[in-house]
Amino acid sequence: MKVIKLRAGKERSLQRRHPWVFQGSIEKGKADFGETVRVESADGSFLAWGAYSPESQIRVRAWSFDQAERIDAAFLERRLAAAIALRTRLAVPSDGVRLVHGEADGLPGLVVDRYGDILSAQFLAAGVERWKAPLADALLKLTGCTRLYERSDASVRALEGLPSVRAWLRGGSDDPAAARTTIHESGWQLTVDVAEGHKTGYYLDQRDNRARFAELVRHYGCKSVLNCFSYTGGFSVAALAGGAARVVSVDSSAAALELAKAHVALNGFDTARHETRDADVNALLRERLAADDAFDAIVLDPPKFAPTAAHAERASRAYKDINRLALKLLKPGGLLLTFSCSGGISVDLFHKIVAGAAMDAQVDGALIGKLEGAPDHPTTLMFPEGEYLKGLVILKAC
Ligand code: SAH
């Protein structure tokens, strides 16, 4: 067993059960890609078992803080079983469920989503890459699924020195239709393509917020809704379900908008109530302002502007811009649902950015709710980096 010895004083983070060891904390020791290592403090005492990643700044990701633990296929299967059992307890009201959420489930770098009878997984770190085959086998065994698609095409793979992979790992076929399925969420049908969709296929983290939006649209009697960064129209379907008479989905992806249209029809809504706009959101908001085309409700769910804290400043400006424009464009008394999925932007910072946007727009509003990712995307108390999706619900003053 290879040993990674930390520099004096660098043991505190692991002692607090934070699962990452940065390269700069290591005094000595090396191992192969994904190999299990014993991490020790400067005085030689045991801190954790972890997976070594020779190229990543995050040089070791901890598997376990229990010295008696053996890191093998049975250990990984126990971790998977615990993650799946948690979802059963959560009683997620959908057949689209995040079964494994990386560090929060004690499986650093592994993301597994279940869409109906298809599993879609990302192996984003050296440890889970090395144990890919036993993990895949255990996942099929524990879920009863026969098909597992690998969506290891996230950019963070490059930081681990890993190539991008998009292929069936178990079961499946070359037919592109094999990668498509329909999930059932809040009484809606949503189509998912595990090969072509974003992330592992869909944004399951917004599940509860879509349902909440439908309720808010109904409660406040919002008739016109602008869904910015709509992707395949999840929030648009929610708005229609909430009784909106006119919903506009805006996205820069024509393919996503085609699916948004299809979702409106699939869920039995009058397609005349839904429009799509293939446009840049910032430009579209300015255009609608110039046209005096105000809305009762606006959703802003942009892509990650700040993947890490290093991008926070430029991202802050981008968030502020769209929030300022949206707050202006809203009718008096209108509803804004605004999100950030940037790990580099904290809840507090996001709150400040949106407050600044309201100042600039000279708009008064009440913050009536705070939103986060659905509970099948948990965060642990010890790993604040896992927190990424945050949202604010704002009612513009009348
Ligand atoms: N709200 C969606 C997820 C949004 S993902 C849901 O609940 O499913 C972000 C979307 O923003 C993507 O579909 C991407 O195509 C789109 N996008 C990124 N930059 C954009 C821009 N500048 N203008 C319009 N759309 C953009």
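The values are calculated or read from the model by the stated rules, or taken from the named source; none is laboratory data. None of these values were measured; they are calculated from a predicted model. Note: ideal-geometry Cβ built from the backbone for every residue, glycine included; neighbour counts use all protein chains shown. The protein model used for the area step is the full one, side chains on, heavy atoms only, and it has no ligands, DNA or RNA in it. Shrake-Rupley method; radii C 1.70, N 1.55, O 1.52, S 1.80 Å.
The set of residues in segment 372-398 being assigned to a strand (DSSP E or B) and over 16 Å from ALA297 (Cα atoms) consists of GLU372, LYS390. I need a count of the residues in segment 3-38 that are surrounded by fewer than 13 Cβ atoms within 10 Å (Cβ to Cβ) and assigned to a strand (DSSP E or B). Total meeting the criteria: 1. If the condition is being within 7 Å of the ligand (Cβ to nearest atom) and assigned to a strand (DSSP E or B), then segment 229-254 contributes VAL250, ASP251. Scanning segment 217-226 for residues that are open to solvent by 10 Å² or more (accessible area, probe 1.4 Å) and within 13 Å of the ligand (Cβ to nearest atom) turns up nothing.
Within segment 278-293, residues that are touching a residue at least 12 places away in the same chain (Cβ under 8 Å) sit with their Cβ atoms under 9 Å from residues that are open to solvent by 50 Å² or more (accessible area, probe 1.4 Å) and away from the ligand (no atom under 13 Å from the Cβ), at 6+ positions apart or across chains, in these pairs: LEU285/LYS328; LEU289/LYS328.
When restricted to residues that are assigned to a helix (DSSP H, G or I) and either closer than 26 Å to ASP293 by Cα or of a type in the set (D, E, K, R) (or both), segment 317-361 contains 24.
For the list (1) open to solvent by 50 Å² or more (accessible area, probe 1.4 Å); (2) under 20 Å from the mean Cα position of the chain (by Cα); (3) closer than 28 Å to LEU99 by Cα; (4) within 12 Å of the ligand (Cβ to nearest atom), I need the number of the one condition that ALA211 fails. Failing condition for ALA211: (1). Under the condition of being in contact with a helix residue (DSSP H, G or I) (Cβ under 8 Å, 6 or more places away or on another chain) and either over 23 Å from ALA254 (Cβ atoms) or more than 9 Å from the ligand (Cβ to nearest atom) (or both), the residues counted in segment 184-200 number 10.
A count restricted to segment 39-65 and to residues that are touching a residue at least 60 places away in the same chain (Cβ under 8 Å) and crowded, with 23+ Cβ neighbours inside 10 Å stands at 6.
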